[in-house]
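In what follows, a single structure is set out as structure tokens and then discussed.
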Amino acid sequence: MALFSHTSGLINFILTFVLPLALSCPSECSCTGAAGEANALCSSLTIKTIPKNLSSSTKILTVTGTRNALLPLTRVSRSDFSNLREIIHLKISYTNLTYVAEDSFFDLIRLQRLELDHNRLTSILPNTLNGLESLISVSLAHNRGLHLHLRTFWNLPTLQTIYLMGLGLHEIDPLTFYGLSGLRTLDLSLNELTYFSPGIMSSMPNLWTLHLAFNNFGNLDPLLERFFRRLRRLQLGGNRWQCNCLLKWLKKYPSVLSPSEGSDAVVCAGPPSLEFRHLMEVDDSRLTCSAPHIVHCPDMISAQTGQNLTIKCLVTGDPYPSITWTLADGAHLAAGSYPGMPLEDRAVIYIHKVFPAHNGSVMLTAHNSFGTENTKILLFVNDITATTVTTSTTSKPTASLATKQLSPSQSVLPSIAAIPMTPGFISIVTQKGTRGGHNLTLSSRDKPPEGEVANEPSYPFPQPENNIPAIAAASAAGGAAVILAAVAAVKLCGRIAPTPLASGNKVAPVTSETMQEALPLRKSWAHDNITYDSTCNPV
């Protein structure tokens with residue numbers, strides 16, 4: 001009789017608790033625990049949605065793949081959890097999850113732990129966690145590129161732990177954690193933060209543990225001191241700390257920074273004299289700061305239209321100053337840098353394909369909290385595109401004459417004619433124009449275009465030592481019109497005395513003095529009403 005009673009009780013237990021649990025466990029999952037304490041682990045590589053028919057008494061639901069095999073699950077919504085109101089721990093990891101509907105967890109009023117790490121989330125909508133009054137811990141870690149909305153964690157007074165590692169965060173709004181009076185642990189390690197606002201700490205008055213390891217910090221705002229003094233553990237390792245006056249205050253809290261207390265060492269990455277030294281070992285007298293100083297920058301740079309241009313300067317300062325470039329057209333460009341980057345690579349600007357609009361001054365501004373310094377660089381862009389300059393006269397048209405080869409000692413051109421291009425030379429063409437004018441065309445083509453006169457023997461344009469000073473000077477000014485006006489003025493009629501600018505067959509570098517000599521030629525030629533014939537005699 002006793003045996004029958006024992007057997008009957010076992011059967012009732014199986015029918016009441018075990019069988020319903022077995023029947024309500026989907027094939028993609030494995031379920032354990034009694035009916036009232038059910039745990040479900042779902043890891044089948046075929047899972048595309050949250051499995052159906054899970055027991056309504058499920059307390060812990062884990063949907064996960066592996067690092068090498070992500071589940072094809074891409075989205076969740078409220079309907080996926082409408083029958084799972086008893087869940088206290090939900091983990092969805094290593095999936096292709098990209099979207100979480102804003103009301104997905106609306107019915108999970110008992111949820112205490114939410115883990116959505118190692119997925120492909122790019123955003124958590126503002127009210128996704130709103131109303132989860134039992135929530136203690138949230139992990140959104142390792143969702144690279146996840147954007148945190150300002151109200152993601154608002155209205156969660158019971159929240160104690162937030163894990164945000166490996167999101168690729170560059171900055172955090174000070175109000176992101178507003179009202180989290182119960183927060184004890186915040187993990188922001190493995191991001192790309194360069195600044196941590198004191199306003200962030202003011203929203204978390206009871207924070208005990210802060211992880212800032214492996215970011216891009218070079219220093220910390222001294223205003224953080226009054227918040228850091230109440231921390232029990234602070235992780236700062238793996239950053240490029242610049243051991244200067246801005247970090248001196250950290251030495252007041254050895255119990256927080258000491259590795260023996262569970263924290264990682266704050267190792268100096270700069271200045272070079274303190275590299276690899278532990279902050280706690282550096283004497284205060286060596287923790288200094290300095291205003292920006294522009295050590296070296298070019299005064300003038302010349303480039304051709306369409307050319308890619310890099311301008312590099314050397315700037316010092318501690319903390320390293322922010323670098324801003326201002327182009328001639330008013331555009332502002334910030335030079336990106338990170339703590340520990342070599343000094344020679346920090347104050348650098350790259351301009352993709354310069355144009356005549358870039359002509360003028362390029363300003364470099366270096367700024368830190370201890371001062372500002374700037375300098376100007378003169379940029380000349382040579383316009384090498386085909387340009388035509390017309391000078392109107394009232395004289396009769398004159399035929400073009402063949403240009404003879406000149407020796408290096410000759411300093412003036414007796415006449416101008418069509419000279420077919422050969423690689424590396426400039427072709428200058430004279431043709432009959434309306435009302436007796438001359439059209440001078442600077443061309444880089446191999447053959448004269450239609451309508452242009454090509455006279456008898458053609459010769460490469462000579463490159464003597466002293467007969468083209470205005471060409472060399474005007475080319476740096478950035479306009480083909482200036483070049484042609486200078487050629488016409490100097491070569492046709494000897495308006496200015498030639499000045500040697502070169503040695504051998506190489507044109508000497510253009511200077512600001514030769515530039516000023518050439519620039520007035522365009523104006524005087526454009527307004528000169530005197531007509532000259534092909535032999536340079538006034539008509």
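Readers should treat all values here as calculations from the given coordinates under stated rules, not as data from a laboratory. Computed from a prediction, not measured in an experiment: that's the story for all the values here. Don't worry about glycine lacking a Cβ; one is built from the backbone with ideal geometry, like all the others, and counts go over all protein chains shown.
Side notes on the structure shown:
- Calculated FRET efficiency for the pair Phe276/Thr324, C-beta based, R₀ 30 Å, to 0.05: 0.45
- For the pair Thr49 and Thr288, a Förster radius of 41 Å applied to the C-beta separation gives a FRET efficiency near 0.10, rounded to the nearest 0.05.
- Amide H to amide H distances under 5 Å link Ile124 with His147, His149, where only residues 5 or more positions off or on other chains count and H is placed in the peptide plane.
- For the pair Arg78 and Arg233 in one chain, pulling the backbone fully straight at 0.36 nm per residue adds 52.0 nm over the alpha carbon distance.
- Label point distance in nm, Leu175-His332, each placed 7 Å from Cα along Cα→Cβ: 2.3
- Between Asn39 and Glu225, the FRET efficiency from the beta-carbon distance, with R0 = 51 Å, is close to 0.65.
- Along principal axes, Cα extents of the stretch 25-242, largest first, whole Å: 56, 34, 27
- Separation of alpha-carbon centers, the stretch 88-166 and the stretch 264-310, rounded to whole Å: 40
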